[in-house]
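Working notes for the structure below.
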Amino acid sequence: MPGPTTTLLIEGSFDELTDELAQYIDTLKKSQGDEASDIQAECTQLLADNKKDDVLKKLVMGSQALNQAPEKEFIAAYNLLIHLVRQSPNIGMFLPRICNHLGQPITSSPANGGGLALSVLSTIFNTLLPANDMRYHILMTIVRVIRNTSNFETLRPQLKQIDLWLEAWEMEDDESRRLYLAISDAAMEAGESEQAYIYLLRSLRTFTSDEAACKDARTQSLRALKSALNSPTHFDFQDLTELDSIQSLRNTDPVYFQLLEIFNSDLLDDFNDFKDEHDGWLDDSGLDPAALNRKMRLLTLASIAASTGQTRSLPYAHIAKALQIPASDVEMWVIDVIRAGLVEGKLSQLNQQFLIHRSTYRVFGEKQWREVASRLDMWRNSLMGVLQVVQAEKVKFAAERDEEARIAEMKGEQASRVARGLGKSKPRVLDEDMD
C-alpha cells in the first residue's frame with residue numbers, strides 16, 4: 001500500500017531490458033495460443049530508429065499478458081515494465097494503461113491476484129513524487145482492486161492520509177467526490193457500513209448548492225439517508241439535515257424527507273401516523289421496518305428523558321405509554337437506550353422510576369436554549385445562596401475573632417494593672433523593740 005517514496009534499482013541498459021521484457025511477453029502470449037506475437041522484433045526495429053516512446057507503447061499494450069505470468073514472476077515482470085516507463089518524459093501516457101491491466105483479474109493466481117496487483121500498484125504510487133497528481137489515478141485503481149477483493153483492511157491505515165493527498169494534488173471537487181464514493185463502495189462491499197457512511201457523507205459535501213438537486217446528488221443522498229435510518233447505531237441525523245443535497249429531497253422525494261424529519265426530532269406517535277398515512281411505503285422503500293420501529297422507540301425514550309426538566313426522573317408508566325409497550329418491558333428498553341449512549345441513569349425498581357443522570361437532545365433549538373437558560377438561572381440562584389451563606393459566615397467569623405481579640409486585650413490590661421499595683425505597695429516593718 002502507499003508509503004514512503006520508493007526507488008527501483010534494476011541493472012541493464014534500456015535496450016537490453018526492453019529486449020528481455022519483450023521476449024518474456026511474447027513467450028506468455030504464445031503459451032496462451034497467440035503464436036503471431038512478435039513484440040521483440042517490433043521493439044528491435046523501433047529501437048534502431050531511436051523511437052523509445054513507441055517501444056514503450058508496444059510493451060505497455062502487450063503487458064496485459066503479464067496478468068498470466070506465474071505468481072513468482074509477476075511482481076518482477078511488472079517492476080521491470082515500471083522501470084522502463086519511468087525513463088520516458090511522457091510517463092503519464094503509459095501509467096493509466098498499466099493501471100487498467102492491474103485492475104483486471106490476475107488469471108495466473110486467482111487466490112492471491114489481488115495482493116499481487118496491490119503490491120505493484122503500491123510500487124507505482126510510491127515511485128511518484130508526493131505532489132504528483134498521477135497518484136490520484138493510481139489510488140483510484142488501488143481502491144477498485146480492494147473493492148473487488150473485499151480487502152478493506154489494506155486500505156484502512158491510509159484513510160487518514162486521503163484529505164492530505166487530495167490537497168497536495170489540488171483535485172477538483174468532482175475528482176474528490178469520485179474518490180470518496182469509491183472508498184465508500186469498497187467499505188460497503190467489505191461490510192464496513194460505518195466507514196461507507198462516513199465517506200458517502202464526504203462525497204455529498206463536495207456538491208455545491210447549485211449542484212444539490214442534480215441526479216448524482218439525489219442518488220447519493222437517498223443512499224445516505226437509507227443507510228443512516230437502517231443503521232442500528234446511528235441516532236443523530238444533524239449530519240444529514242445540514243446538507244444542501246439532503247434538503248433538496250424536500251422537493252424531489254418529500255416522503256423520504258418527511259421520514260427524516262420524524263427521526264430527527266419527532267416521537268413514536270408521529271412515526272405511527274406516518275406509517276398510517278403511507279401504508280405499505282416502508283416495505284417498498286428498501287428500509288427495514290423492524291429496525292426503524294426499534295430505533296424510533298429508543299429515540300422517543302431519549303426525547304422524553306431530556307424533557308423531564310428538574311425532576312430528572314421518569315415513572316415506568318410514562319415510559320410504557322410513550323413507547324407503547326407493556327410495563328414489564330420498560331426496564332429492557334431503558335437498558336437498551338443506556339447501551340446506545342443516548343441516556344445515562346439508573347433504575348429504581350422499588351419506586352418504579354428511571355432516575356436520569358444525563359440525557360441527549362436530538363435537536364438543539366430555541367426550546368432547548370430556554371431550558372439551558374432556566375437551568376443556568378437555577379444554578380446561579382443556588383450559587384448566590386451559597387455565596388450569601390459563606391459571606392454571612394465570614395462576617396460572623398470576623399466578629400467572633402474581633403470579640404476574642406477584645407476580650408484578650410481586656411484581660412491583658414487587667415493583668416498589667418494588677419502587676420503595677422503590687423509593685424507600688426511596701427511591706428510592713430515590725431518593731432524591733434519587743435521590750
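A few points about this structure:
- All-pairs Cα distance distribution in the stretch 212-265, expressed in whole percent, bin size 5 Å: 4, 22, 36, 26, 10, 2
- Around R406: net Lys/Arg minus Asp/Glu count, Cβ-Cβ under 12 Å: -4
- Cα-projected label distance for R250 with S313, points at 7 Å along beta-carbon direction, nm: 4.2
- The simple Förster model, with R0 at 41 Å and r as the Cβ-Cβ distance, assigns E16 and A111 a FRET efficiency of 0.75.
- Span from the the stretch 9-45 Cα centroid across to the the stretch 48-71 one, whole angstrom: 7
- Rg and Dmax over the alpha-carbon atoms of the stretch 106-163 stand at 11.7, 36 Å.
- Size descriptor, Kirkwood hydrodynamic radius, that averages inverse alpha-carbon separations across the chain, Å: 29.1
- Once both labels are positioned 7 Å from their Cα atoms along Cα-to-Cβ, the gap between D38 and D216 label points is 4.7 nm.
- Principal axis dimensions, largest first and in whole angstrom, of the stretch 181-324 by Cα: 48, 30, 28
- Tilt relative to the chain, helix 134-149 - C-alpha long axis, 0 to 90 degrees, to 10: 90
- Cα→Cβ-extended label distance, 7 Å offset, between I75 and E331, nm: 5.9
- List R147, R420, ordered by accessible area with a 1.4 Å probe, largest first: R420, R147
- Kirkwood-type radius of the stretch 255-294, with distances r between different C-alpha atoms, in Å: 10.2
- Modelled FRET efficiency - R0 51 Å, E189 with S382, Cβ distances, 0.05 increments: 0.35
- Pairwise centroid distance, computed over Cα atoms, of the stretch 152-173 with the stretch 297-329, Å: 44
- When a 1.4 Å probe is rolled over the protein heavy atoms, the share of accessible surface on the chain that falls to carbon and sulfur comes to 51 percent.
- Reciprocal mean inverse distance between Cα atoms of the stretch 137-229 - Kirkwood radius, Å: 13.5
- Segments 263-271, 233-241, 409-417, 78-86 sorted - mean Cβ within 10 Å per residue, highest first: 78-86, 263-271, 233-241, 409-417
- Binning the C-alpha pair distances of the stretch 267-363 at 10 Å intervals from 0 yields a P(r) profile of 16, 48, 26, 10, 1 %, listed from the shortest bin outward.
- Counting only alpha carbon atoms, the long axis of helix 39-48 and the longest principal axis of the chain meet at about 90°.
The values are calculated or read from the model by the stated rules, or taken from the named source; none is laboratory data. From a predicted model like this one, the values you see are computed outputs, not experimental measurements. Glycine also receives a Cβ, built like all others from the backbone with ideal geometry; neighbour counts cover every protein chain displayed. Calculation scope for accessible area: heavy atoms of the full protein, side chains included, ligands and nucleic acids excluded. Shrake-Rupley method; radii C 1.70, N 1.55, O 1.52, S 1.80 Å.
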